[in-house]
């Protein structure tokens, strides 16, 4: 790598995912994917990472589905 640049750039920002979520109710993976404009798998992988970073909460729903919610108190700069 020259100049510290990576081969791949993130097409969808964390902020795009966070803007698709609220703190008062949960959203399905598919609803978040549609709001961001990405695939369901991209949304799920990004949301899982945001859970590990304590930015998002994950809720398991009967039948193997899950819902996502912005973690209470989390804000991007400028919000």
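Check whether at least one residue in region 66-73 is at pLDDT 95 or above, touching a helix residue (DSSP H, G or I) at 6+ places or on another chain (Cβ under 7 Å), outside any helix (DSSP H, G or I) and surrounded by 15 or more Cβ atoms within 10 Å (Cβ to Cβ), and report yes or no.
yes
Please enumerate the residues belonging to region 40-63 that are in a loop (DSSP other than H, G, I, E, B) and surrounded by 12 or more Cβ atoms within 10 Å (Cβ to Cβ).
Across region 40-63, the qualifying residue is only 55.
The values are calculated or read from the model by the stated rules, or taken from the named source; none is laboratory data. What you see is a predicted model; the values in this text were computed from it and never measured. Cβ sites come from the backbone with ideal geometry, for glycine too, and all protein chains shown count toward neighbours.
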